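Here is the structure we will look at, set down as structure tokens.
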Amino acid sequence: MPDRHPTVRNFRRVAGQAGHVNYYVEVQADGDDSRHLVFAGNIFVGPVVVISTDAEGRSTHEVVDHPRRFGEFVSSDWVDRFLESWHAAQAA
């Protein structure tokens, strides 16, 4: 169970065409447990796909059907709010 908020180690935003954005984020959750996350979505409409890869290369994905609950998908603030929610869900 996580005992603290994940620490963002690396953050990169890559804008594509027609509002498509990818956020590449490396987070460290507990101890040395690092995880690479990719958030892929559109700033105008639609869901956000979150792809998570752990240190051993195992990947999972999640679809955020209502991304606006974390604000506008245009900046690192969205990622921060998502990570806060993710951490709270993991700790529950």
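The values are calculated or read from the model by the stated rules, or taken from the named source; none is laboratory data. Quantities reported herein were computed from a predicted structural model and do not represent experimental measurements. We place every Cβ from the backbone using ideal geometry, glycine too, and count neighbours over all the protein chains shown. Heavy atoms of the whole protein, side chains included, go into the accessibility calculation; ligands, DNA and RNA do not. Shrake-Rupley method; radii C 1.70, N 1.55, O 1.52, S 1.80 Å.
Below, the figures for the structure above:
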| item | result |
| --- | --- |
| Ratio of the Cα radius of gyration of the chain to 2.2 N^0.38 Å, where N counts its residues | 1.05 |
| Between the range 69-83 and the range 37-63, the Cα center-to-center distance that results, in Å | 13 Å |
| Linear extension gain, residue 69 paired with residue 84, 0.36 nm per residue minus alpha-carbon span | 4.2 nm |
| Of 43, 6, 67, farthest towards positive along the dipole that unit charges on Lys, Arg, Asp, Glu beta carbons give the chain | 43 |
| Pairwise label distance in nanometres, residue 15 with residue 91, each label 7 Å out on the Cα-Cβ vector | 3.4 nm |
| Rounded accessible area of residue 33 (nearest 10 Å², 1.4 Å probe) | 70 Å² |
| Portion, in percent, of the accessible area of the chain that falls on carbon or sulfur, probe 1.4 Å | 51 percent |
| Residue 11 accessible area, 1.4 Å probe, all protein chains in place, Å² to nearest 10 | 80 Å² |
| Rounded tilt (10° steps) of 76-91 against the dominant C-alpha axis of the chain | 40 degrees |
